[in-house]
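Encoded as structure tokens, the structure appears first; notes follow it.
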Amino acid sequence: MQQNPIGKLGSTGLYILGDLGRMGLFCMRALRGAFRRPFRFMELVRQIHFIGAGSTAVIFFTALSTGMVLGLQGYYSLKQFGAEGMLGSAVSLTIIMELGPVLTALMVAGRAGSAMCAELGIMRISEQIDALDCMAVDPFRYMISPKFLATLIVVPLLTSIFDLVGIAGGYIVGVNMKGVNPGIFIDGMHTSITNHDLRLGFIKSVVFALLVVWICTGRGYFVREIRGAGFGSESVSRVTTQAVVLSSISVLIFDYLLTAVLL
Amino acid sequence: MKNVAIEFRDVVKTFTAADGRKQTVLDAVSFTIPAGKTTVIAGGSGQGKSVALKLVLGLMRVDGGRILVDGKDVTDIGGAGLEALRARFGVLFQGGALFDSMTVFDNVALPLRERTKTPEGEIRRRVLETLGQLELSGHEEKYPAQLSGGMQKRVGLARALQLNPEIMLFDEPTTGLDPIMTRDIYDLFSRTQALVGYTSVIVSHDIPKVLNLADHVIILNHGSVDVFESPEEIQWSTKENIREFVKTTMGQIYQSHLTEK
């Protein structure tokens with residue numbers, strides 16, 4: 001039966017439908033869990049510290065390097081048309097609308113998303129989640145919802161740090177190293193960036209945050225249900241890799257969709 | 001019906017293997033578990049013993065039949081009803097299922113902190129008292145990985161007892177323990193049951209030792225079930241599969257009365 005290609009296609013289709021349904025319910029329960037009492041305020045603070053404060057350094061260096069490279073590349077490209085004065089506008093728009101939200105989400109997926117997925121996966125295979133269920137303690141309210149809330153709070157903040165540091169990186173290269181007039185650099189930013197651009201960057205960062213935390217925690221929670229994941233510690237490692245890849249790809253796909261719809 | 005704690009009525013549970021083949025673990029299985037007593041569910045590996053426990057707790061769903069707790073149908077229960085049902089149970093998992101990033105104290109305190117509004121001072125007093133009763137004093141600041149297998153089981157028991165469960169479910173409680181530790185754990189079960197008065201359900205393949213605790217024995221074998229009112233009845237059974245079970249798990253000596261005839 002398994003050799004039949006139509007049968008295989010059918011069973012894969014059913015699996016994907018089942019998986020989407022499972023993940024959809026998971027997301028709803030996680031969001032609902034955020035409003036269930038008693039609130040775990042200290043757990044929320046701990047998660048904000050882990051995802052946010054813990055990711056600041058990696059965001060800082062990624063942003064600085066991205067901004068500086070963008071400044072350098074932009075400078076040489078614009079110089080060909082004698083338009084170096086547009087550098088401030090080019091760097092800031094690219095970072096605020098595209099690179100800031102996308103790279104921040106990818107960094108958070110790699111650093112915190114993988115950790116969340118592995119933690120939940122290990123808790124699942126060692127029956128710790130079953131134990132919570134059996135004690136009538138809702139695992140969503142207890143540990144998944146705080147992760148959702150923390151990521152939704154922290155990623156937009158990290159994105160704004162990325163934007164700031166990235167633009168500063170472009171400024172350092174453009175103004176201090178390549179001699180672009182600082183007034184023109186700043187003025188270019190002022191005139192080209194609108195509230196709409198900032199809003200688009202913010203919406204993207206919130207959507208990406210939800211995608212990353214949803215996919216990473218969901219994969220870990222359902223580690224036993226995932227086809228081809230195997231068993232035991234191997235299943236956790238495979239599912240963690242899958243979660244990071246899947247959330248990164250989703251971020252890139254949604255980046256295009258949101259830009260196309262909202263720009 | 002008050003003297004029946006849990007009832008299985010024609011319960012069916014089937015699993016689908018990776019290659020698509022279906023395996024029926026419980027095939028229209030019916031039995032009752034009396035309240036206030038100790039029932040042992042025995043059987044070889046893969047005969048559905050742990051599955052039966054997970055079905056009672058709603059961690060898995062039945063494919064057919066009904067499950068009743070105190071005469072109330074809980075087969076399709078969900079949401080708040082399921083939470084209320086689970087709150088009546090205490091569970092000791094096969095691997096202990098302790099939260100490995102928390103200390104022993106925090107593990108045992110978790111149900112009180114999350115399920116009750118007990119003040120922290122009272123929680124501390126109760127947790128230390130339980131740990132003392134289970135000979136775990138002085139270990140409260142350790143992490144589960146720093147404890148032996150037997151100690152982990154005792155911490156699991158301490159945690160399960162915090163909310164005064166009406167029914168305690170033990171899933172292979174002595175797996176991986178040496179014979180002395182196994183005896184100590186069984187002594188502990190007897191003492192805590194006498195103290196708390198819960199209905200005890202022990203899933204185990206540790207035959208014949210676990211039978212010393214049993215008031216009532218259920219043997220699961222290839223999807224079917226045999227119920228015995230006392231452990232002694234097993235030895236007197238003339239059913240072929242039970243005689244085979246006794247022979248392989250208890251040894252020839254337990255069957256000598258049958259061979260002499």
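Computed from the coordinates by the stated procedures, all read-outs in this text should not be read as laboratory data. This is a predicted model, so every value here is computed, not measured. Positions of Cβ are backbone-derived with ideal geometry, glycine not excepted, and every protein chain shown enters the neighbour counts.
Residue count for the stretch A:134-173, restricted to those that are surrounded by fewer than 20 Cβ atoms within 10 Å (Cβ to Cβ), within 14 Å of another protein chain (Cβ to nearest Cβ) and in contact (Cβ under 8 Å) with a residue 40 or more places away in the chain: 2. Annotation note: of B:Gly64, B:Gly48, the sole residue that is touching a residue at least 12 places away in the same chain (Cβ under 8 Å), touching a strand residue (DSSP E or B) at 6+ places or on another chain (Cβ under 7 Å), farther than 15 Å from B:Glu172 by Cβ and more than 13 Å from every other protein chain (Cβ to nearest Cβ) is B:Gly64. Within the stretch A:20-59, restricting attention to residues that are in a helix (DSSP H, G or I), under 27 Å from A:Asp163 (Cβ atoms) and of a type outside the set (A, V, I, L, M), the residue that is farthest from the other protein chains (Cβ to nearest Cβ) is A:Thr56. Applying the set (1) exposed (fewer than 15 other Cβ atoms within 10 Å of the Cβ); (2) without any contact (Cβ under 8 Å) to a residue 40 or more places away in the chain; (3) not hydroxyl-bearing (Ser, Thr, Tyr) to B:Gly71 leaves exactly one unmet item: (2).
Note on the stretch B:80-136: residues that are within 10 Å of chain A (Cβ to nearest Cβ) and among the hydroxyl-bearing types (Ser, Thr, Tyr) amount to 1.
With respect to the conditions (1) touching a residue at least 60 places away in the same chain (Cβ under 8 Å); (2) in a strand (DSSP E or B); (3) within 14 Å of another protein chain (Cβ to nearest Cβ); (4) not basic (Lys, Arg), B:Phe15 lacks only one, and its number is (1).
Take A:Val58 and tell me if it is touching a Lys or Arg at 6+ places or on another chain (Cβ under 7 Å), among the β-branched types (Val, Ile, Thr) and more than 17 Å from A:Ala150 (Cα to Cα). Here the answer is yes, as A:Val58 does meet what is asked.
Only one entry in A:Ala131, A:Ala112 is in a helix (DSSP H, G or I), crowded, with 24+ Cβ neighbours inside 10 Å, away from chain B (no Cβ under 14 Å) and of a type in the set (A, V, I, L, M), namely A:Ala112. With respect to (1) hydrophobic (A, V, I, L, M, F, W, C); (2) farther than 26 Å from A:Met135 by Cβ; (3) buried (at least 16 other Cβ atoms within 10 Å of the Cβ), the lone exception for B:Ile180 is condition (3).
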